[in-house]
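What follows is a single structure, written as structure tokens, with notes after it.
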Amino acid sequence: MKFLAWTLALPFFAEAAPTLATTSEACTIKNQRKAWHTLTRIEKLAYITAEKCLMTLPAKLGLKGPRTRFDEFQKVHVLATESVHFVGAFLPFHRYLIYAHESILQTECNYTGAQPYWDEPLDAGNFSSSVVLDAVTGFGGNGAGLSNCVNDGPFKDYVNAIGPFQQITDHCIDRRIDDCASAQAASKDFRMVLAMVESVDR
Ligand SMILES: *[C@@H]1O[C@H](CO)[C@@H](O)[C@H](O)[C@H]1NC(C)=O
Ligand SMILES: *[C@@H]1O[C@H](CO)[C@@H](O)[C@H](O)[C@H]1NC(C)=O
């Protein structure tokens, strides 16, 4: 299974926005992240529209490769890859990247919702039938052909300049779903990973 590096995979692993302070004041701005399958059709379309907006805004950071704000997130992920995987910074880094992505959807693309996530255990063993991959109210389905280009859904025509890996080459968004491998997204596997993290934290 290979999703567009972080847009699909990581935001859907995210749970809540980082909480920085211990304060007794009540929240005035609610930013509740919800699972994709619980969103209304209108909420789903609003998220997709915001993501497509990010794909049209010009890049600002001066990094090599990105044409759009969307590409910049992917590039930052590529640049950080070697230092933020297989180390303790893994979760904080990805949470922060997702938080930045969510904030920019809200501040630059007028998105009023929160970053949704994929409740993967619901679809374990059957990712290809997930509502997340719907062609209209989701991210499009499986890739096709030798290049596994996603050829339906809202992002089928996006020309991505970042990757594979460190390369800068124009290519489609590709996806190859392996329903068998997706069985490992079952709740028991999540519980196992959490138990491992907790045992290391102690
Ligand atoms: C967001 O809203 C502001 C204020 O209405 C508007 O000027 C701006 O063009 C909007 N941005 C996008 C990307 O739609
Ligand atoms: C996968 O999901 C689809 C749609 O909900 C369902 O029809 C199918 O039986 C499921 N397949 C498996 C192997 O669970």
## Note on the structure
Taking a ≥ b ≥ c as the square roots of the eigenvalues of the Cα gyration tensor, with a/c under 1.5 meaning rounded and otherwise prolate when a/b exceeds b/c and oblate if not, the range 84-192 is rounded
### Message
Within 11 Å, Cβ to Cβ, of N151, how many net charges do the neighbouring residues add up to if Lys/Arg are +1 and Asp/Glu are -1?
### Response
-1
### Task
Figure the gain on full extension for I168 and I29 (residue separation times 0.36 nm, minus the Cα-Cα span) and round it to one decimal in nm.
46.2 nm
#### Entry: Net charge of Cβ neighbours under 15 Å - reference P66; Lys, Arg +1; Asp, Glu -1
+1
### Summary
Connecting every pair of Cα atoms under 10 Å apart in the chain and solving the GNM, the largest mean-square fluctuation among N142, N151, N31 falls on N31
### Message
Per DSSP helix of 4 or more residues, -39500 (n - 2.57); summed, then divided by the residues of the chain. What does that give at 222 nm, rounded to the nearest 500?
### Response
-11000 deg cm²/dmol
#### Entry: Mean separation of Cα contacts under 8 Å (6+ apart) over length of the range 38-201, as relative contact order %
20 percent
### Task
Write out the cysteines belonging to the chain for which the nearest other cysteine Cβ is not under 4.7 Å, or none if no such cysteine exists.
C27, C180
### Task
May I ask for the Rg/Rh ratio of the chain, computed from Cα atoms with Rh as the Kirkwood radius, given to two decimals?
0.95
### Query
Given labels modelled 7 Å from the Cα in the Cβ direction, how far is it in nm from L61 to N151?
3.3 nm
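Bear in mind that the values in this text are calculations on the coordinates, not laboratory data. Quick caveat: nothing in here was measured; it's all calculated off a predicted structure. Using ideal geometry, Cβ is built from the backbone for each residue, glycine included, and neighbour counts are taken over all protein chains shown.
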